[in-house]
Amino acid sequence: MTSNTLIHKFWTRVFTTPEATAATIKNPYADIEQPIIVAGVPGAIPPHIVCPPELSSIDWNQSGLAVATMMVFLANKGIKKGDRVAILAWNSPEWTWADLAIQSLGAITVPIYPHSTTEQAGYVLKDSGSKILLSNEQEQIGKAAQLEGVSAVHFDQIPKAVFPILPVRPFVRWFLANSSAELADNPEYWTGVSAQLEQLKGELGSSKFRGISGDDLATIIYTSGSSGIPKGCCITHGNIAAALESLSAHGFAMDRHDSYLSYLPLAHVYERIDGTAMSIWHGVPIGYCKVEDVKNRERSALQVFAPSVMCGVPAVWRGMKESIEAKIAKKGKLSQRLVAWAFEQKKPGFKRFLADMLVFRTIRNGLGGRLGIMLSGGAPISPEVLSFFETIGLELLQGYGMTETTGGVTTNRPSKTVGSKVPVNKLGSVGQPIPGCQIKIQCEAGEEESGIGEILLAGPHIFKGYWNLPEETAKTFTSNGWLKTGDLGYVDADGFLFITGRKKRQGKTEQGKYVAPEKIEKCFETYPLVQYILPVFDGRKYVSGLVFLNQTIARQLLARAVPTGTDAAAYLAQQPEILKAVQEAVDGVNSKLERWEQLKKFKIVPVEASVSNGLLTPTLKIRFEEAGKRFKTEIESMYGESK
């Protein structure tokens, strides 16, 4: 029996399908303004114009060469089994290669978010005991400058065993002339890489590939969290393999004809395991870009890469929906009437077929034209957004997972799933558990009848504990080994899990009334002007809220330009039209809430929430505690006195 780990899958691809495409990247020379004129051969080939391709492909052989090169480089730096190596970089093939190289040496990958401050990055590097930091930007390298015992290495410092051929462009002579030396110019280095490849190939049939077992640590992922100090989640090779095998068996098997777009931070378990690792597992080509490229309204990364599989968070899907609606709003009245008619055609039949031919196919083509599997995770998503994508003919599937569970453990499944006797997708649920995942609902005393309680999980994908935090680890598990998620929910008769809130976010007003902030937040999802709402209530005499505006929607509503040199967020927060619209949203939400849950007052925050200013997590969730601290004055003003 051979080893079954992610690194074994990767090297199997390298040696069995070397010429198949492993990754695609945006050609950095695709924007050359002048095309290159190539002389022909008289009487045979006429002169012709060569335009640089928009994308360049990387095959599995090239990927294997890159990983082997990194392995030799790291081994020469003294990295061995059990050592920690950090990656602080934006999504790229190099990120994935570095991760695979580290794991192939038996070392442990420690990913760090690119948006991390110097202090945050320093904390992770010091706490994990990382010996080397790898990055693709000098700015990121600088975050480790003051740390003792950490060697910071730019990817460009690694001998160019493969990078000059990424991509090969024979017609761009100056590129080749200025690229770094290839292996041919480094014979002593090539010897080490060649020997490494031969060793890897020879070990493929081993029952313990690279001497690594399922219980060995593969990575320590620090939770971003919406509050508190990050904790390092210890995830094993066995955890990763179990997660990928279970997701595949749950209806997400893919093949080389698919293509995946990697743009969410690879430092997050969702992107790294459910997206990128899952693609490697099935031999699916991966396209790499930044979040900004997906949001680009001129030419989105979806149009460039045309993925068939994509992971996203609710903020991304809502942004995509709003972008489509904004384009529709710019069309003529006749076109808008046609689109409005098309959105009314919900039932199968000729009218629905016509709506798809005339409207929805065009919308889907604007998203690349190939999307088949779209996953949403990281936070609850609005039914309105799910319904929108369903109407245009795309299946957006909501799932649930944590860093501690090695990614998704429940998810709705594609409708093509075969052999299921129950529904595979229920609106509002986060789906059914993947094979091997056990769910138990632990109800509080007196709440047994409702069926709602804390979600407890068990299975081979559950992490081993927190790095250097035995007491925190003990508190995270029950006495009989179940993971306490801290999330509240219930399971219906068909086995679908529904999330109702967070246990630690529940609180009481001064009058002793329980309030679940998630219920209030969910009600605001139908009001796009309110991007985030922070309910305030615990120990207060009534509920109030801090409102963060969707800056794009606010500008559209204002219908006039923000004065030059003015802080846009602060300006928008003070305009009567905006205040009136937010009040109308609050009134609409209050009509759906119990009396004690209703917002009596609100304040519009004069700042746009973003990852860079520390108000959002890398997965675009609001940092509740940070926002509460930063805008304490605004909170107190809604009560007229100190708490």
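A few notes on this one:
- Trypsin sites (Lys or Arg not before Pro) lying in DSSP loop within the stretch 483-588, provided at most 10 other Cβ fall within 10 Å: Arg560
- Dipole of the stretch 287-386, positive end: most advanced residue of Ile373, Tyr288, Ile363 [Cβ charges, Cα centre]: Ile363
- For the stretch 540-554, Karplus couplings with θ = phi - 60° (6.51, -1.76, 1.60), whole Hz, Gly/Pro x: 9, 7, 7, 8, 10, x, 8, 10, 9, 7, 7, 4, 5, 5, 4
- Debye, to nearest 20: dipole size of the stretch 225-384, +1 on Lys, Arg Cβ, -1 on Asp, Glu Cβ: 860 debye
- Among beta bridges that DSSP assigns inside the chain, antiparallel share in %, nearest 5: 60 percent
- Values of log10 I(q)/I(0), in the order q = 0.14, 0.17, 0.26 Å⁻¹, for the stretch 487-581 under a Debye, Cα-only, solvent-free model: -0.69, -0.85, -1.26
- Dipole of the chain, positive end: most advanced residue of Gln442, Gln574, Met402 [Cβ charges, Cα centre]: Gln574
- The label point for His257 and the one for Ser415, both projected 7 Å from the Cα toward the Cβ, are 2.0 nm apart.
- Förster-model FRET efficiency, 22 Å R0, Thr118 and Lys77, C-beta, rounded to 0.05: 0.45
- Accessible area per residue was computed with a 1.4 Å probe on protein heavy atoms; Leu557 scores about 80 Å².
- In sequence order, calculated HN-Hα J values of the stretch 267-282 (Karplus, 6.51, -1.76, 1.60; Hz; x Gly/Pro): 6, 8, 4, 4, 5, 6, 8, 5, x, 5, 5, 4, 5, 4, 4, 9
- Here the contact order of the stretch 43-160, divided by its residue count and restricted to Cα pairs under 8 Å and six or more residues apart, works out to 24 percent.
- Dividing the helix sum by the residues of the chain, where each DSSP H run of 4 or more adds -39500 (n - 2.57), gives a mean residue ellipticity at 222 nm of -9000 deg cm²/dmol.
- The loop-placed trypsin sites (Lys or Arg not before Pro) in the stretch 584-629, going by DSSP, that have at most 15 neighbouring Cβ atoms within 10 Å of their Cβ come out as Lys592.
- Unit charges on C-beta of K, R, D, E only; dipole of the chain, Debye: 1300 debye
- Simple spin-label estimate for Gln574 and Arg361 in nanometres, 7 Å along Cα-Cβ: 5.2 nm
- Annotation for Lys295 and Thr478: the two label points, set 7 Å from Cα along the Cα-Cβ direction, are 4.1 nm apart.
- Listed residues Pro159, Ala23, Leu616: farthest to the positive end of the dipole of the chain (Cβ charges): Leu616
- Relative contact order [Cα under 8 Å, 6+ residues apart], the stretch 376-482, whole percent: 19 percent
- If R0 equals 60 Å, the separation of the Cβ atoms of Ser637 and Ser213 corresponds to a calculated FRET efficiency of about 0.55.
- The charge dipole of the stretch 522-633, taken about the Cα centre with unit charges on the Cβ atoms of Lys, Arg (+1) and Asp, Glu (-1), comes to about 260 debye, rounded to the nearest 20.
- For the stretch 427-547, the tally of Lys pairs with Cα-Cα distances below 20 Å comes to 25, considering only residues 8 or more apart or on different chains.
- The accessible surface of the chain, taken with every protein chain in place and a 1.4 Å probe, is 53 percent carbon and sulfur.
- Annotation: extensible slack from Thr16 through Glu448 equals 150.1 nm (criterion: 0.36 nm per residue apart, minus Cα-Cα distance).
- Accessible surface of Val611, taken over heavy atoms with a 1.4 Å probe and every protein chain present, rounds to 30 Å².
- Computed with a 1.4 Å probe on the full set of protein chains, the accessible area for Cys437 sits at about 20 Å².
- For Lys440 and Gln199, the FRET efficiency from 1/(1 + (r/R0)^6), where r spans their Cβ atoms and R0 equals 51 Å, is about 0.70.
- Cα-based reach from Lys295 at 21 Å (exclusive), listing lysines while leaving out same-chain residues under 8 positions away: Lys26, Lys321, Lys327, Lys330, Lys331, Lys621
- The GluC sites (Glu not before Pro) of the stretch 269-323 that DSSP puts in a loop, and whose beta carbon has at most 15 other beta carbons within 10 Å, are Glu298.
- Acute angle (nearest 10 degrees) that the helix 6-16 long axis makes with the longest principal axis of the chain, alpha-carbon atoms: 40 degrees
The values are calculated or read from the model by the stated rules, or taken from the named source; none is laboratory data. Keep in mind the model is a prediction, meaning the values are calculated, not measured. A quick note on method: Cβ atoms are made from the backbone with ideal geometry, for glycine too, and the neighbour counts reach across all protein chains shown. With ligands, DNA and RNA removed, areas are computed over all heavy atoms of the protein, side chains included. Shrake-Rupley method; radii C 1.70, N 1.55, O 1.52, S 1.80 Å.
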